[in-house]
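Novice: Starting off with a structure, shown below.
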Amino acid sequence: MSNVSLNEKIPNNVDLSSDKRLQRALEQWQPEFISWWKDMGPEGFQEKDIYLRTAVSVDPKGWAHFDYVRMPEYRWGIFLADPVPGRTVGFGDHYGEPAWQEVPGEYRNSLRRLIVTQGDTEPASVEQQRRLGHTCPSLYDLRNLFQVNVEEGRHLWAMVYLLHSYFGRDGREEAEALLQRRSGDADKPRILGAFNEPCTDWLSFFMFTTFTDRDGKYQLLALAESGFDPLSRTCRFMLTEEAHHMFVGETGVSRIIQRAAELVREGKDPRDHGAIDLPTIQRYLNFWYTVSLDLFGSEVSTNAANFFGAGLKGRAKEEQYEDHVALDATYELDVYEGDRLVRRPIPLRSAMNEVLRDAYVADCEKVITRWNKHVADLGFAFALPSRRFHRAQGQFAGRYFTPDGTEIDAATFEARKDEWLPSEKDKAYVRSLMANPVYTPGHFANWIAPPARGINDKPIDFEYVRYNEA
Ligand SMILES: [Fe+2]
Ligand SMILES: [Fe+2]
């Protein structure tokens with residue numbers, strides 16, 4: 001196992017102190033990060049003690065340490081999964097060659113772009129979620145929000161480490177820019193669409209962590225296959241943290257569904273009793289799932305083909321495929337010819353975005369199946385909308401579809417969109433439920449069921465955030 005240095009300014013397992021130049025550069029970036037965190041991180045809770053886990057190693061059995069910490073004092077560290085001895089490039093034109101420990105010159109720009117695009121999502125989500133603490137349904141949930149936030153901060157560190165270590169001056173400039181863009185800002189927005197959408201209520205937060213963090217999982221799985229070994233090792237460790245983010249999302253929505261189902265079973269309308277009705281939950285699902293589908297990019301993509309050919313970005317769990325070169329294979333895809341959708345074989349490398357999206361959709365289906373167990377007796381079932389619905393990227397962008405995938409005209413969509421996506425009324429209602437935050441240990445807002453268990457074997461009424469102390 002690699003050596004862990006926890007007592008340095010920047011905790012790490014990359015032997016940072018042996019490279020003074022790099023260490024100095026990162027130590028200069030650190031105060032800029034903290035100042036960004038204080039400006040754009042969780043608003044109003046920076047001085048509170050939060051029961052958080054901190055990564056202290058990459059040992060699968062014990063990498064996290066739990067304790068109270070104030071967020072600006074969180075020990076954001078640089079942790080790469082242990083190297084795999086003799087690792088080779090697992091796909092593309094360089095299949096079978098030794099994995100790269102340095103950036104190959106010809107792929108420098110592509111790699112930097114991949115790392116910056118991934119890196120940009122990390123601070124973006126913290127910015128999107130920064131005011132949610134004021135409307136939280138419980139201290140348990142508040143702590144989970146902050147856990148996700150500090151780990152997204154650590155993911156930013158992970159990408160900035162790669163930029164500083166391997167991309168020289170350009171890398172340092174990109175690291176600065178990552179702290180300058182702002183989610184939703186008209187002049188300097190974050191790079192990807194979903195990361196500029198407001199996330200100002202807890203139903204959105206739980207949908208975001210279910211669907212958008214799950215996009216993150218698939219991007220990380222694809223980058224974990226990279227022939228550039230430091231990127232692969234970085235992403236492999238990030239995946240272990242990502243799992244908790246999706247847990248927060250899935251169980252959060254699940255508890256909202258349970259509360260609604262309980263009321264429906266009693267013959268009550270959840271909206272008359274301060275909870276969220278099932279059709280509204282479905283509309284939020286439709287929104288966050290589809291903006292997350294967009295993050296995979298166009299169905300047919302030269303970039304995706306180039307990234308795969310170069311060995312930079314593979315498929316999720318590349319080892320499950322037989323043909324790792326994918327030069328002669330094709331992928332059957334519905335593509336527009338004029339106004340008609342026609343099934344056509346596409347060169348597989350050009351369809352890699354769609355291949356990754358397929359894996360993502362299959363994973364989302366499993367989540368829906370689990371959610372539906374709570375409503376099976378009520379004659380209601382949640383469903384993922386068609387991947388044509390409400391798209392802003394790829395061939396379905398600029399066209400209009402119903403959630404079941406039937407093409408309609410713009411006027412019909414406009415007239416019916418409030419049936420399918422959260423309306424202004426829905427949003428106002430959901431926000432109204434959350435006007436009064438719940439800061440008493442063991443208490444929960446009326447619109448959400450308590451969790452099945454606490455965090456790290458603590459009881460549900462544990463004081464996850466020391467809210468009431470000065
Ligand atoms: Fe992340
Ligand atoms: Fe995440």
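The values are calculated or read from the model by the stated rules, or taken from the named source; none is laboratory data. These numbers were taken from a predicted model, which means no experiment stands behind them. Neighbour counts run over all protein chains shown; Cβ positions are idealised from the backbone, glycine included. Protein only, heavy atoms only, side chains kept; ligands, DNA and RNA dropped before computing areas. Shrake-Rupley method; radii C 1.70, N 1.55, O 1.52, S 1.80 Å.
Novice: Among the residues of the stretch 13-63, what is the count of those that are buried (at least 18 other Cβ atoms within 10 Å of the Cβ), of a type in the set (A, V, I, L, M) and within 17 Å of Phe79 (Cα to Cα)?
Specialist: 5
Novice: Please report, ordered by residue number, the helices (runs of 4 or more DSSP H) entirely within the stretch 154-259 with at least 2 residues that are farther than 28 Å from Thr290 by Cβ and more than 16 Å from ligand 1 (Cβ to nearest atom).
Specialist: So the answer is 168-178.
Novice: Would you mind stating whether Val116 is of a type outside the set (D, E, K, R) and either within 16 Å of ligand 2 (Cβ to nearest atom) or within 30 Å of Phe444 (Cβ to Cβ) (or both)?
Specialist: Against the criterion (of a type outside the set (D, E, K, R) and either within 16 Å of ligand 2 (Cβ to nearest atom) or within 30 Å of Phe444 (Cβ to Cβ) (or both)), Val116 does not qualify.
Novice: Select, from Gly227, Gly249, the only residue that is surrounded by 23 or more Cβ atoms within 10 Å (Cβ to Cβ) and over 21 Å from the mean Cα position of the chain (by Cα).
Specialist: Every option except Gly227 fails the conditions.
Novice: Cβ contacts < 8 Å: first residue over 18 Å from Ser386 (Cβ atoms) and open to solvent by 90 Å² or more (accessible area, probe 1.4 Å), restricted to the stretch 362-376; second residue assigned to a helix (DSSP H, G or I) and not basic (Lys, Arg), any location; separation 6+ or different chain. Result?
Specialist: The qualifying pairs are Arg370/Glu250; Arg370/Ser254.
Novice: Turning to a different aspect of this structure: Please find, within the stretch 115-165, the residue that is surrounded by the fewest Cβ atoms within 10 Å (Cβ to Cβ) out of those that are touching a Ser or Thr at 6+ places or on another chain (Cβ under 8 Å), farther than 23 Å from Ile10 by Cβ and not basic (Lys, Arg).
Specialist: Leu132
Novice: Taking the criterion of being in contact (Cβ under 8 Å) with a residue 40 or more places away in the chain and over 27 Å from Gln180 (Cβ atoms), would at least one residue in the stretch 64-76 satisfy it?
Specialist: Yes, that holds for at least one residue.
Novice: On to the next question. What are the residues in the stretch 81-113 that are surrounded by 23 or more Cβ atoms within 10 Å (Cβ to Cβ) and either in a helix (DSSP H, G or I) or within 15 Å of ligand 1 (Cβ to nearest atom) (or both), if any?
Specialist: Across the stretch 81-113, the qualifying residues are Gly92, Leu111.
Novice: Can you go through Leu263, Leu295 and tell me which one is within 16 Å of ligand 1 (Cβ to nearest atom) and modelled with pLDDT of 95 or more?
Specialist: Being within 16 Å of ligand 1 (Cβ to nearest atom) and modelled with pLDDT of 95 or more holds for just one of Leu263, Leu295, which is Leu295.
Novice: I'd like the full set of residues that are of a type in the set (Lys, Arg) and away from ligand 2 (no atom under 15 Å from the Cβ), limited to the stretch 199-235.
Specialist: If the condition is that a residue be of a type in the set (Lys, Arg) and away from ligand 2 (no atom under 15 Å from the Cβ), then Arg233 is the only one that fits.
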